[in-house]
Amino acid sequence: MISRTALCALVAALALALLTVTTDAHSWVECSDWRPNNKNKPAWGEKDGKCFGYARRFPITQKVKFGGRDSRDEDKGIYNRHFDQGRGNNAPPCSNRKNGAEKGDDETRGKKSVGDAYGGKYGPMATTSAGETMCVRWPAKTHNDSDDHKVMINMQKTETKEDPSQKELDGLNIAELAFSNCNGLQKDNEKNDNSPCGGCFNIRKDQKPGTYMVQWQWRLNDEMYTSCYDVKVLAK
């Protein structure tokens, strides 16, 4: 029979483990083309708009709740969406399931064409026009009070056959968003794991029609989390 002291120690250890899992949660792009019902006052809840685009190879056929893609089981083909790329110009800009400080899902460019990473079991590619406003949506993952941790939106200016390096992307920034732009949050930060957050930005006015890679980069202390997706810019 387990003693009261041992039982208390076990309960404390389990509580600490659960707290650690919650605290260490990190974010990613759940929707790359979020279209809010109210364009003048965007909100991020399920009833506040609709998603028309996703990150590369985002498995929409897997029925997972918003913000729930932070577990990994390679034997079952399940991969977490958060990806810590690591530091430096040689850090991989997009997750490939292999490299980085913390491996994520496969968000590399389509092998034969950019469109290979979309459609079917994956979500559709985002679409827009030059000069238009786009919105992107992500889960808080308990970091909704991280006012000093920004989201950088880096976007190609010209079409290429390969993704830019991180050094190149750093010079292609078009917007800086507040990570903590969330709505409907509870007072207890730990309960905001799957709460929706988001931000909007403008596509370059001189962006020519074509398909361009976009990197969502969240800078959290010494960690750099990214999501990669493509945007098809249509002619007006």
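Where a number appears in this text, it was derived from the coordinates with a stated rule and is not lab data. Please read all numbers here as calculations on a predicted model, not as lab measurements. Using ideal geometry, Cβ is built from the backbone for each residue, glycine included, and neighbour counts are taken over all protein chains shown.
Electrostatic tally near residue 44: other residues with Cβ closer than 12 Å to its Cβ, Lys and Arg +1, Asp and Glu -1, net +2. Taking amide H atoms as placed 1.01 Å from N in the peptide plane, the amide H of residue 230 lies under 5 Å from those of 56, 126, 214, each 5 or more residues away in sequence or on another chain.
A cut-off under 15 angstrom between Cβ atoms defines the neighbours of residue 55, and their net charge, with Lys, Arg +1 and Asp, Glu -1, is 0.
Mean separation of Cα pairs under 8 Å and 6+ residues apart, divided by the residue count of segment 81-166: what relative contact order is that in percent? Can you show the working numbers first?
Values: 74 pairs, mean separation 21.9, N = 86.
Value for segment 81-166: 26 percent.
Of the peptides 102-115, 26-39, the order by per-residue mean of other Cβ atoms within 10 Å, starting with the highest, comes out as 26-39, 102-115. Packing, as the average of other Cβ atoms within 10 Å across residues, places the peptides 176-182, 80-86, 166-172 in the order 80-86, 176-182, 166-172, highest first. Using θ = phi - 60° in the Karplus curve 6.51 cos²θ - 1.76 cosθ + 1.60, the 3J(HN,Hα) couplings for segment 115-124 round to x, 5, 8, 9, x, x, 7, 9, x, x Hz; x is entered for Gly and Pro.
Peptides 203-214, 53-64 ranked from most to least packed, by the mean per-residue count of other Cβ atoms within 10 Å: 53-64, 203-214. With θ taken as phi - 60° and the Karplus curve 6.51 cos²θ - 1.76 cosθ + 1.60 applied, the whole-hertz 3J(HN,Hα) list for segment 106-114 is 7, 10, 7, 5, x, 5, 8, 8, 4 Hz, x standing for glycine and proline. Label-to-label distance for residue 170 and residue 61 is 4.0 nm, based on points extended 7 Å past Cα in the beta-carbon direction.
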